[in-house]
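To keep things clear, I will list the structure first and then write my remarks on it.
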Amino acid sequence: MIVTTINVNGIRAAVRERSPQNRGLLPYLSTTAADVVCLQETRADDEQVADALAPALADGWHLAVACPHLKGRCGVAILSRTPFAAVRIGWTATEFEEHGRYLEADVDSPAGTVTVGSLYVHTGEAGTDRQLEKERFMAALAKRMAELSADGRDAVICGDWNIAHTENDIKAWKANVKKAGFLPAERQWLTDLIESGWVDVVRSLHPDVAGPYSWWSWRGKAFDNDAGWRIDYHLASESLAARAHAARVERPAAYALRWSDHAPVTVEFG
């Protein structure tokens with residue numbers, strides 16, 4: 001089973017063919033070997049997402065969507081080559097139930113059913129209500145992940161976590177120690193998840209190296225200089241992580257080939 005996650009930075013923009021090289025989300029979906037693709041920041045409602053992905057759906061992809069509660073913000077989706085066994089949107093009885101930041105689906109694979117989550121944690125801003133909201137969201141997510149662990153199911157939560165866990169996960173870490181995305185409390189929260197049994201699969205397969213980064217600012221020479229952040233993770237249950245044998249960031253060969261400020265992050269499970 002091959003699982004990819006990508007923050008598309010707006011689904012309708014991502015499907016446009018923006019250059020003679022035929023880049024964009026639709027060409028990517030037509031060539032990827034992934035069985036499941038998790039999308040974040042679709043910034044569109046259910047109908048708009050389906051319309052944007054119509055060629056991919058005609059090719060046989062199955063779609064599940066959690067649309068944002070605020071127009072033009074958030075939104076997550078999951079594409080699967082096989083029909084979903086079940087789909088769950090958000091977390092009931094929480095303020096985030098309809099925010100379009102979390103979508104969970106059960107997908108059948110040759111090795112059994114796997115629960116796949118598509119996750120978008122918003123950026124936050126240190127010392128503001130926005131950061132407090134991010135922390136409440138993180139607490140709700142941790143609760144759901146604890147429930148998945150207690151169920152003992154194979155699971156992987158993929159997406160844009162908007163947190164660089166360690167100094168190896170951000171190029172300019174010294175300049176960001178007091179900024180959202182690299183705050184000590186955020187990093188400790190990720191550490192606690194990992195110590196509770198969840199595995200950062202890309203890091204486990206690429207230990208003790210800088211990156212591989214998955215996000216670069218559009219501005220300046222950040223992409224050309226690989227001055228990025230690793231904030232797009234696959235956190236997998238121990239049983240599923242034990243089957244991971246390859247992980248990669250599908251970094252474009254050149255700035256002009258980018259169709260999002262994030263790159264797809266792909267993990268292959270045996």
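The values are calculated or read from the model by the stated rules, or taken from the named source; none is laboratory data. Everything numeric here is computed off the predicted structure, so don't read it as measured data. Note that each Cβ is placed from the backbone with ideal geometry, even for glycine, and that neighbours are counted across all protein chains shown. We work out accessible area using only protein heavy atoms, side chains counted, and drop any ligands, DNA or RNA first. Shrake-Rupley method; radii C 1.70, N 1.55, O 1.52, S 1.80 Å.
Can you give the helix-only mean residue ellipticity at 222 nm for the chain, where every DSSP H stretch with n ≥ 4 adds -39500 (n - 2.57) and the sum goes over all residues, rounded to the nearest 500 deg cm²/dmol?
For the chain, the value works out to -7000 deg cm²/dmol.
Run the numbers on region 10-125 and let me know its relative contact order in percent, using alpha-carbon pairs under 8 Å that are six or more apart.
Relative contact order, region 10-125: 22 percent.
Counting only other residues whose beta carbon sits under 15 Å from that of GLN48, what net charge do I get with K and R as +1, D and E as -1? If you can, show how the numbers build up before the last one.
Details: positive: ARG12, ARG16, ARG43, LYS71, ARG73; negative: GLU41, ASP45, ASP46, GLU47, ASP51.
Once all neighbours under 15 Å are counted, the net charge is 0.
Whole-Hz ³J(HN,Hα) for each residue in region 221-238, computed from phi via Karplus 6.51 cos²θ - 1.76 cosθ + 1.60 with θ = phi - 60°, x for glycine and proline: what do you get?
10, 4, 5, 4, 8, 6, 8, x, 10, 9, 10, 9, 10, 10, 9, 10, 4, 4
Taking 8 Å as the Cα distance limit and 6 or more residues as the minimum spacing, I'd like the relative contact order of the chain as a percentage. Could you put the intermediate results ahead of the total?
Values: 606 pairs, mean separation 52.4, N = 270.
19 percent.
Compute all pairwise cysteine Cβ distances in the chain, then list the cysteines with no distance under 4.7 Å to another cysteine.
Cys with no partner Cβ under 4.7 Å: CYS67, CYS74.
Taking a cut-off of 21 Å between Cα atoms, list the lysines near LYS134, but don't count ones fewer than 8 places away on the same chain.
By straight Cα distance, LYS134 reaches LYS71, LYS143, LYS178, LYS179.
What shape does the chain have by the C-alpha gyration tensor, where a ≥ b ≥ c are the square roots of the eigenvalues, rounded means a/c under 1.5, and otherwise prolate means a/b greater than b/c and oblate the rest?
Taking the square roots of the gyration eigenvalues as a ≥ b ≥ c, the chain is rounded.
Share of the chain's accessible area from carbon and sulfur, percent, 1.4 Å?
52 percent
Go through THR5, LEU141, ILE170 and say which Cα lies farthest out towards the positive end of the charge dipole of the chain; charges sit on Cβ, +1 for Lys and Arg, -1 for Asp and Glu.
About the Cα centre, the residue reaching furthest to the positive side is ILE170.
Hey, got the dipole for region 144-232? About the Cα centre, +1 on K and R Cβ, -1 on D and E Cβ, debye to the nearest 20?
500 debye
Let me know the charge dipole size of region 80-143 about its Cα centre in debye, to the nearest 20, where only the beta-carbon of Lys, Arg (+1) and Asp, Glu (-1) is charged.
Details: 7 positive and 10 negative charges, 32 e Å.
It works out to roughly 160 debye.
On average, how much accessible surface per residue is there in region 180-242, in Å², for a 1.4 Å probe, leaving out ligands, DNA and RNA? Walk me through the numbers on the way to the answer.
Working: 2740 Å² over 63 residues.
Spelled out: the 1.4 Å probe surface of region 180-242, per residue, equals 44 Å².
Rounded if a/c is under 1.5, else prolate if a/b beats b/c, else oblate: with a ≥ b ≥ c from the C-alpha gyration tensor eigenvalues square-rooted, which is region 172-241? Don't jump to the answer; show the numbers that get you there.
On the way: a/c = 2.68, a/b = 1.53, b/c = 1.75.
Cα axes put region 172-241 in the oblate bin.
Any idea which of ASN225, GLY211, HIS245 is furthest toward the positive side of the dipole for region 131-268, if Lys and Arg beta-carbons carry +1 and Asp and Glu beta-carbons -1?
Of the options given, the answer is ASN225.
How large is the charge dipole for the chain, taken about the Cα centre, if only the Cβ atoms of Lys, Arg (+1) and Asp, Glu (-1) carry charge, to the nearest 20 debye? Before the final figure, lay out the partial values.
Working: 29 positive and 36 negative charges, 191 e Å.
Charge dipole of the chain: 920 debye, to the nearest 20.
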